[in-house]
Structure formats: C-alpha cells, structure tokens
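K.L.:
Quick one: structure below, then a few questions.
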Amino acid sequence: MSSLCALAILCMISRVSYKVVNSFYQDYKIMNKEKFARFCDITGEGMNEGFCLGDGEMYIKYEKDFIEFLRKDGVHPHESDEFIMNEAYKMGLYYWTEWEEDLG
C-alpha cells in the first residue's frame with residue numbers, strides 16, 4: 001500500500017481533515033530525508049517535475065489531475081483534453097517543468 005493510500009484511509013477512519021493528516025505526512029517525508037522540490041496541491045505528493053500554474057501559485061503532479069482542474073469551471077466541456085491543455089498553455093496559464101536544482 002502506498003503512503004498516499006494509507007494517508008487517505010487514515011483521513012477516513014479518523015475523520016481528521018486531509019490537510020491536517022497531510023501536514024503530518026509531509027513532516028514524515030522530511031524526517032525520512034525524502035527530498036522533493038515541490039508538493040502537489042491536489043494530492044499532497046512530493047514532486048520534482050510537473051505542471052506549474054501561473055508563477056508558482058499552484059503545482060500539479062499528474063496530468064489527469066491537471067485536466068480535471070482545467071475542466072472544473074465547465075469551459076469547453078465537449079473539447080478534447082489535448083485541446084483544453086493547448087488552449088491553457090497558449091493563454092500562459094501553466095507550463096511543465098522539472099526542479100532539479102532545488103533539491104539541495
């Protein structure tokens with residue numbers, strides 16, 4: 001079982017908010033010397049590459065979560081995922097990046 005699955009189960013069992021449990025999870029990762037440049041704002045997972053929205057206002061690790069985020073406002077409901085991502089990119093809403101130098 002992944003740590004993230006365990007985190008979700010703990011949230012359900014304990015009825016503690018995801019943010020509280022995720023905070024403890026992030027502390028656990030730091031104590032165990034797992035190094036990540038950023039953390040995904042959707043899953044809470046560490047990431048060294050992914051989608052950066054705006055000037056770092058939000059980070060998203062997985063494409064499926066990014067597409068869901070883009071679709072949440074109901075814009076272009078009948079367009080393909082590729083079309084929506086291309087339009088968002090053209091508008092300067094996001095870029096894909098890797099953070100290697102921040103792992104120090």
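The values are calculated or read from the model by the stated rules, or taken from the named source; none is laboratory data. Everything numeric in this text was worked out from a predicted model, so none of it was measured. Please note: Cβ atoms are built from the backbone with ideal geometry, for glycine as well, and neighbour counts cover all protein chains shown.
K.L.:
Looking at 68, 87, which is the one that is surrounded by 13 or more Cβ atoms within 10 Å (Cβ to Cβ) and over 22 Å from residue 48 (Cβ atoms)?
P.N.:
Answer to the selection: 87.
K.L.:
Also, quick follow-up: Name the residues in the range 34-81 that are of a type in the set (A, V, I, L, M) and under 19 Å from residue 99 (Cα atoms), would you? Break it down stepwise before answering.
P.N.:
Going through the range 34-81, the residues of a type in the set (A, V, I, L, M) turn out to be 37, 42, 47, 53, 58, 60, 67, 70, 75.
Matches in the range 34-81: 37, 42, 47, 53, 58, 60.
K.L.:
If the requirement is being more than 20 Å from residue 43 (Cα to Cα) and among the acidic types (Asp, Glu), which of these qualifies: 100, 63?
P.N.:
100 is the lone residue from the list that is more than 20 Å from residue 43 (Cα to Cα) and among the acidic types (Asp, Glu).
K.L.:
Among the residues of the range 17-35, are any outside any helix (DSSP H, G or I), of a type in the set (A, V, I, L, M) and at pLDDT below 90?
P.N.:
No, because not a single residue in the range 17-35 is outside any helix (DSSP H, G or I), of a type in the set (A, V, I, L, M) and at pLDDT below 90.
K.L.:
Looking at 89, 62, can you tell me which residue is aromatic (Phe, Trp, Tyr) and more than 23 Å from residue 36 (Cα to Cα)?
P.N.:
Step by step, each of 89, 62 is checked, and only 89 is aromatic (Phe, Trp, Tyr) and more than 23 Å from residue 36 (Cα to Cα).
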